[in-house]
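Peer 1: Just passing along the structure, written as structure tokens.
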Amino acid sequence: MSWPILSIVVWLPILGGIAVMALGSERAQLGKQVALGVSIVTFALSLALWTGFDFASAQMQFVESVPWIERFGATYGLGVDGISMPLVLLTTFLTPFVVVAGWRVIETRPAQYFAAFLILEGLMVGTFAATDALLFYVFWEAMLVPMFIIIGVWGGARRVYATVKFFLYTFLGSVFMLVALIYMYLQTGDYAIASFHDLRLTMNEQILIFLAFLLAFAVKVPMFPVHTWLPDAHVEAPTGGSVILAAILLKMGGYGFVRFSLPITPDASQELAWLMISLSLIAVIYIGFVALVQADMKKLIAYSSIAHMGFVTLGFFVIFAATDAAPGSDGARLALQGGMMQMLSHGLISGALFLCVGVLYDRMHTREISAYGGVINTMPKFAALMVLFGLANAGLPGTSGFVGEFFVILGTFHADPWLAFLAATTLITGAAFTLWMIKRVVFGEVANDHVAALTDVDSRELWMLMLLAIAVLLVGIWPAPLVDAMDASLGALLNHVAQPKL
């Protein structure tokens, strides 16, 4: 393209956020309209990435490169491939829903609230699109600021504790990543991520760099045992904050593994695959049981997110588990595709579930499961949609939740049937904790007068949830376009990983 589409998609929401902030809370209604308009226009423009994308190419596309800090060999470099382009579209697709979700319920500093989300959107897109490691790090760290503000200002009673915990976990892990990036810069003389991919490092160097990346990316996923910040952050965050946190920010960790860890340190990835597979299975199995005992809907969905993201990291590292699943084999490609599909699917489903919890919370101001019961009697439209998202979360065939898990289990079976059996237990635990919540909240007799007084979703809420339901069903029934978009890039990654760097 002759016009810098990626720069537009990165900077339009950031500039829009600044404009909304300038309007101030005195003109809150106009600010909301501007925020919604900017988010919709950003999504519409980002669709050009899909329509103009060459599915057969594994190269970076829509590339922009301008000297930035010449002394350090850093450039303002943007580009997307089959790995990052779907994540950019997921980001721009979900942001308008976040704006709509806060339309009526945010009364304190509404201008700053919507501005924070627009700025956060631009920074997230920049993280996925950066082809320069230093630029990636700047976007990666800058994302913490608006999310810190969103939780800290508009969160619940323990918002300060939750936001400080979130900031410390993610910031401290990222410091080690910066050290690794600087070390590789000293080897190559620039910060181009492609240059890092071509580095020939010793096993000791690879292991140290892998561990540095692991500390940063594992916190973001989040992997066991550095997952404890997530339930607190979700419980205290406003609805929009929970949606973006689960649907997009968690994907940054998974994206980091496929963009940095696997291609830069393939030998260390193979050496430590047992560790990653073990931690992933702990997330899938143990955290699934933890979700079963939660009394708060948000906390249950938060633990569910940890379990589902365990499938992502399992898919990325099980490719090293056995020769018939080694890089270059059909099993490896299935597992890697499954990890990517799981990230995209989880973004849609978790975002939808947190929006459903937000709809109920706006009416009853509680997230306790015991406070509900028989919601289907007073909110039938809402109940139908929430049940659909719950079934998708449990991996029902025909929904997006099934596709990624099925691919990962198939790929894992190529490595070891027993690993596949352990991974497949999530189909039982996932159904258990999700349906347990749905049964107690949605079905049965009307539990109390508060539930009896509930009103069904209005047109704004109905359209919001309906569009997400269509997306969940469309990806579940017809995943081929996404698989085709990712296939060339994932194939190139597998070929790169299969070549020893020692």
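Peer 1: Give me the pairs, please: first residue somewhere in region 179-195 and touching a residue at least 60 places away in the same chain (Cβ under 8 Å) and over 11 Å from GLY73 (Cβ atoms), second residue anywhere and small (Gly, Ala, Ser) and not in a helix (DSSP H, G or I), beta-carbon distance under 9 Å, and either six or more positions apart or on two chains.
Peer 2: Pairs found: ILE193/GLY77; ILE193/ALA130.
Peer 1: Let me ask you something else. Scan (1) closer than 27 Å to LEU199 by Cα; (2) in contact (Cβ under 8 Å) with a residue 40 or more places away in the chain for the single condition PHE166 breaks and write down its number.
Peer 2: Only one criterion in (1) closer than 27 Å to LEU199 by Cα; (2) in contact (Cβ under 8 Å) with a residue 40 or more places away in the chain is unmet by PHE166, namely (1).
Peer 1: Mind checking which residues of region 397-440 are touching a residue at least 24 places away in the same chain (Cβ under 8 Å), within 25 Å of ILE369 (Cβ to Cβ) and more than 20 Å from the chain's Cα centre (by Cα)?
Peer 2: THR425, LEU427, THR429, ALA431, ALA432, PHE433, LEU435, TRP436, MET437, ILE438, ARG440 - these are the residues of region 397-440 that are touching a residue at least 24 places away in the same chain (Cβ under 8 Å), within 25 Å of ILE369 (Cβ to Cβ) and more than 20 Å from the chain's Cα centre (by Cα).
Peer 1: Another question, then. Do you know which of the residues in region 473-490 that are small (Gly, Ala, Ser) and touching a Gly at 6+ places or on another chain (Cβ under 9 Å) is surrounded by the fewest Cβ atoms within 10 Å (Cβ to Cβ)?
Peer 2: ALA488
Peer 1: Any residue at all in region 117-132 that's polar (S, T, N, Q) and assigned to a helix (DSSP H, G or I)?
Peer 2: Looking for residues that are polar (S, T, N, Q) and assigned to a helix (DSSP H, G or I), one finds at least one in region 117-132, hence yes.
To keep it simple, each residue is scored yes or no on (1) outside any strand (DSSP E or B); (2) in contact with a strand residue (DSSP E or B) (Cβ under 7 Å, 6 or more places away or on another chain); (3) modelled with pLDDT under 95; (4) farther than 16 Å from TRP11 by Cβ.
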| residue | (1), (2), (3), (4) |
| --- | --- |
| ARG27 | yes, no, yes, yes |
| VAL38 | yes, no, no, no |
| VAL41 | yes, no, no, no |
| ASP54 | yes, yes, yes, yes |
| GLN59 | yes, no, yes, yes |
| GLU64 | no, yes, yes, no |
| ARG71 | yes, no, yes, yes |
| VAL88 | yes, yes, no, no |
| PHE93 | yes, no, no, yes |
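Peer 1: Among the residues of region 7-37 satisfying the criterion of being in contact with a Ser or Thr (Cβ under 9 Å, 6 or more places away or on another chain) and not small (Gly, Ala, Ser), which is surrounded by the fewest Cβ atoms within 10 Å (Cβ to Cβ)?
Peer 2: ILE8
Peer 1: Is there any pair linking a residue in region 280-292 that is outside any helix (DSSP H, G or I) and aromatic (Phe, Trp, Tyr) to one that is modelled with pLDDT of 85 or more and crowded, with 20+ Cβ neighbours inside 10 Å, with Cβ under 8 Å and at least six apart or on different chains, and which?
Peer 2: none
Peer 1: While we're here: If you go through region 43-71, how many residues are touching a residue at least 40 places away in the same chain (Cβ under 8 Å), surrounded by 13 or more Cβ atoms within 10 Å (Cβ to Cβ) and not aliphatic (A, V, I, L, M)?
Peer 2: The total comes to 10.
Peer 1: Looking at region 202-215, can you tell me whether even one residue there is acidic (Asp, Glu), modelled with pLDDT of 90 or more and under 26 Å from MET486 (Cβ atoms)?
Peer 2: Looking for residues that are acidic (Asp, Glu), modelled with pLDDT of 90 or more and under 26 Å from MET486 (Cβ atoms), one finds none in region 202-215, hence no.
Peer 1: Just to be sure I understand the filter: pairs with C-beta atoms under 7 Å, separated by 6 or more residues or on different chains, first member in region 201-227 and within 16 Å of LEU281 (Cα to Cα), second member outside any helix (DSSP H, G or I). Which pairs pass?
Peer 2: Pairs found: ALA218/VAL226.
Peer 1: Let me ask another. Need pairs with beta-carbon distance below 6 Å; first residue within 22 Å of PRO397 (Cα to Cα) and in contact (Cβ under 8 Å) with a residue 60 or more places away in the chain and within region 475-496, second assigned to a loop (DSSP other than H, G, I, E, B) and of a type in the set (Ser, Thr, Tyr); sequence gap 6+ or separate chains.
Peer 2: From region 475-496, the pairs are GLY476/THR399.
The values are calculated or read from the model by the stated rules, or taken from the named source; none is laboratory data. Just so it is clear, the model here is predicted, and its values are computed rather than measured. Ideal geometry is used to build each Cβ from the backbone, glycine not excepted, and the neighbour counts take in all protein chains shown.
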